[in-house]
Amino acid sequence: MATAQDSGGVFEELSKTLRANPGLVFVLLVAVVLVIDLLARFAGQEIPLFADRTLGGDLSVARFGSLVWEGIVIGLIFGLAGIGLSMTYSILNFANFSHGDLFTTGAFTGWGVALLVAGFGVADATAGYLIFVMDGRGPGPAEVGASIVASPLAILAGVVMAAVATALVALVLDRVVYYPMRDRGGIPLLIASIGVALALRSAIQFVYGSGTRGITDTQGIVVDVRDIIELIFGDVEASGGLLGWVLDASVNLHRTTLVVVAVVLIVALHLMLQRTKLGKAMRAMADNKDLALVTGIPTERVVRWTWILGAGLAGVAGYLYVLERGAMDFNLGWFLLLFIFAAVILGGIGSIYGAIAGGLVIGLVHELSIIWISSDLNAAAAFAIMILVLLYRPDGLFKGVTTA
Amino acid sequence: MSANRDPMAVAPDSSILEVRDLDAGYGDLQILTDVDLDVGDGEYVTVVGPNGAGKSTVMKSVFGLTVHMGGSIVFQGAPIHEKKPEQIIHEGISYVPQNNNIFSTLTVQENLEMGAYILDEVPKQRLEEVYERFPVLEERKTQRAGSMSGGQRQMVAMGRALMLDPDLLLLDEPSAGLAPDLVDEMFDRIDKINNDGTAILMVEQNAKEALRRCDRGYVLTQGQNSYTDTGEELLADKEVRQQFLGG
């Protein structure tokens, strides 16, 4: 270690690290090649490599920017859903496999209410048709008009409903299934949660039907940034330069809504955990359950709030995911569960900040990998990155660095 | 055994804690049999004995952390042997476990705040008193408790337990894991807490020092009381010295 202080310390340190982890050389090499390739693509250059393989190609910076944006959007969904998974893991001590179906629960219940509010008074759209999320025949998404432009209040009502309904479902499940086996340890609870996942998914399928359906109305949701700015600040005279570039861009308002709601919720949760008595008690219990008990912290009440917050956030994540995606079916959360787990494990299981960071990494890799590989394989790229990170940081990015 | 080995012989005039014929253990396993123990108002009592004698179990039983199998525990006139820890803490007893006795990812101040969780608000004056008692905690109040040294962690743990101004403080092996030069300091702090009016029931591995400091000691063997007497008398007792204090 002392040698690191000598001349050329940085290189010596680096070479020592590389000698200890030869695999890292390969990883660095791949990273360098990818960066060169990316720069070549931006420049529109194609560099012949061997046979018909080339480096570089064509990729506009705007396209790259939109992939990054999409990565952040999906990453926030993984992160938001992952927070609850991480919380139940650290406070209740088990990996909750039914978390993906809580995500779906939020999507269906939230959209039921959003459509009911948005579709009020639309011909042929009965309350039952709307609340069961447009199963079967009836007016389509465009007629109901469920978009942030046409009926913003309906969209926000849906966010609230997704949180409330999912939290209630989680509280009932806790009382019926998890509470009686609280002291049985992680494995029995994990297995029970797989059962709950299947039951919940079947219940959703039974109530809402198994068809995939389009939900959102996308008319007018892509707007120019200039229009929004002018709506708020009046006329803006700017062209060229960075400001001009931003003003000339256009945004998808549903994605923007998703990002705003997700960021607000994450900041609110952060403040709640750091500032309030309940938040501190949740962190205390995640840290040391036995001591929380002898300190007089009402552990069962903390557990209830863990479910309310964790499931509520998962429900909102499911709802927002559909807002961005436009369509849904009963398998929605089940298919995303692995990504959510990957985000949480990558970030360091038990840490909510880790869940968000892990979600963003997984989301960005998922989207950016499309530049290099077929989009059928982008999930594989996300998991490969997870494995790679865990090889060098087995406890995840945030484990032991920050609280709760 | 001589006549004054009757457990009641030197019992204080007014006990705040009275343990009578206590049988207790974990699951189906009984550890304690017919244990009698008293702590007077403001008294400093230690329990010493060989490894595995059930010293910590006595303390955990008082705090409702074991399975109660018989006998009674009365604190300030009210039976508490059927209560849970979160109820017992309301009665005026605080407990400092031997291991993992801090919230290591919380800050020092948050640890102390958690100590007063059962109150509606953090008692500002009490917090000041704890900081006065352990000035180093005030200096480091925004630091994560887990990043502190062993001695400082022990202060965080005791500070947390003192936040409710308990009438009885239960200390499980406070000197365990401390560097030898810190052990004396730790015992001085406990003396100070006791002198300020808090009764103490302490389990200690370091029997000589504990008996030297305390008002009264109990010697526990195989889950039963063997002797009780003042600390000095126990230290002077030939039999006790040979069996428990290494001659």
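The values are calculated or read from the model by the stated rules, or taken from the named source; none is laboratory data. Only a predicted model underlies this, so the values are computations on that prediction, with no experimental measurement involved. No Cβ is skipped: glycine too gets one built from the backbone with ideal geometry, and neighbour counts run over all protein chains shown. Ligands, DNA and RNA are excluded from the accessible area calculation, which covers all protein heavy atoms including side chains. Shrake-Rupley method; radii C 1.70, N 1.55, O 1.52, S 1.80 Å.
Largest to smallest in accessible area, the residues A:Leu67, B:Leu164 fall in the order B:Leu164, A:Leu67 (1.4 Å probe, all protein chains included). With the charge dipole of the protein assembly as shown set up from +1 on Lys and Arg Cβ and -1 on Asp and Glu Cβ about the Cα centre, the Cα lying farthest toward the positive end among the listed residues A:Val149, B:Ser61, A:Val160 is that of A:Val149. Accessible-area rank, largest first, for A:Val223, A:Val264: A:Val264, A:Val223, with all protein chains present and a 1.4 angstrom probe. Considering all different alpha carbon pairs of the protein assembly as shown, the Kirkwood hydrodynamic radius works out to 29.0 Å.
Computed 3J(HN,Hα) for region A:211-216, one whole-Hz value per residue from the Karplus formula 6.51 cos²θ - 1.76 cosθ + 1.60 where θ = phi - 60°, is x, 7, 9, x, 10, 8, glycine and proline marked x. Ligands, DNA and RNA aside, B:Lys192 has an accessible area near 110 Å² when probed at 1.4 Å. Note on A:Val25 and A:Leu153: the model spin-label points, each 7 Å out from Cα along the C-beta direction, lie 6.7 nm apart. Once all protein chains are placed together, A:Glu367 keeps about 20 Å² accessible to a 1.4 angstrom probe.
So if R0 is 41 Å, what FRET efficiency would A:Val207 and A:Val68 give, r being the distance between their Cβ atoms, rounded to the nearest 0.05? Once the sixth-power term is evaluated, E becomes 0.60.
Roll a 1.4 angstrom probe over the protein heavy atoms and tell me the percent of accessible area of the protein assembly as shown that is carbon or sulfur. Carbon and sulfur: 58 percent of the exposed surface of the protein assembly as shown. Its Cα gyration tensor gives region A:18-59 an equivalent ellipsoid, and the semi-axes of that ellipsoid, as √(5λ) in whole Å with the largest first, are 26, 12, 5. For region B:115-228, the average shadow cast by the Cα convex hull is 8.3 nm², which is a quarter of the hull's surface. Counting only DSSP beta bridges whose two residues both lie in the protein assembly as shown, roughly 65 percent are antiparallel. For region A:42-171, rounded, prolate or oblate, judged on the Cα gyration tensor with a ≥ b ≥ c (square roots of eigenvalues), a/c < 1.5 rounded, else prolate if a/b > b/c? Cα axes put region A:42-171 in the oblate bin. Summed over the residues of chain B and divided among them, the accessible surface reaches 43 Å² per residue at a probe radius of 1.4 Å. Membrane-span-like helices of chain A, defined as complete DSSP H segments with a Cα extent of 20 Å or more along the helix axis and a mean Kyte hydropathy of at least -1.0, are identified as A:22-43, A:61-92, A:99-118, A:152-173, A:186-208, A:253-275, A:299-325, A:332-347, A:352-368, A:378-392.
By the Stokes-Einstein formula, at 0.692 mPa s and 37 °C, region B:1-138 with its Kirkwood radius over alpha-carbon pairs has D equal to 192 µm²/s. With both labels modelled 7 Å from their Cα along Cα-to-Cβ, the B:Lys124 to A:Trp372 distance reads 5.8 nm.
For the residue pairs B:Lys55/B:Lys141; A:Lys277/B:Lys55; A:Lys16/B:Lys141; A:Lys289/B:Lys141, the C-alpha atoms sit more than 29 angstrom apart in B:Lys55/B:Lys141; A:Lys277/B:Lys55; A:Lys16/B:Lys141.
Taking all protein chains together and a 1.4 Å probe, the residues A:Tyr392, B:Tyr95 rank A:Tyr392, B:Tyr95 from largest to smallest accessible area. An oblate overall shape is assigned to region B:91-161, the ratio a/c of its alpha-carbon gyration tensor axes (a ≥ b ≥ c) being 1.5 or greater and a/b not exceeding b/c. Could you work out the local net charge near A:Ile194, counting Lys and Arg as +1, Asp and Glu as -1, over the other residues with Cβ closer than 13 Å to its Cβ? Neighbourhood net charge equals 0. Between B:Asp188 and A:Arg184, the distance separating the two model label sites (each 7 Å from Cα on the Cα→Cβ line) works out to 5.4 nm. On a per residue basis, chain A carries 47 Å² of accessible surface, using protein heavy atoms and a 1.4 Å probe. Computed from protein heavy atoms with a 1.4 Å probe, the total accessible area buried between A and B is close to 1900 Å². Which translational diffusion coefficient, to the nearest whole µm²/s, is obtained for region A:279-323 from the Stokes-Einstein equation, given a Kirkwood hydrodynamic radius over C-alpha pairs, 4 °C and 1.567 mPa s? The Stokes-Einstein estimate is 112 µm²/s.
Note on the protein assembly as shown: with charges restricted to the Cβ of Lys and Arg (+1) and Asp and Glu (-1), its dipole about the Cα centre is near 1460 debye. Hey, for a label at B:Lys141 modelled as a point 7 Å past Cα toward Cβ, could you say which residues of region B:116-135 have their backbone N under 17 Å away? What the label zone holds, given the 17 Å backbone N cut-off, is B:116-117, B:121-135.
Rg of the Cα atoms in chain B, relative to 2.2 N^0.38 Å, amounts to 0.99.
In region B:63-94, the residues that give up 40 Å² or more of accessible area when the other protein chains are added, compared with the chain on its own (1.4 Å probe), are B:Glu86.
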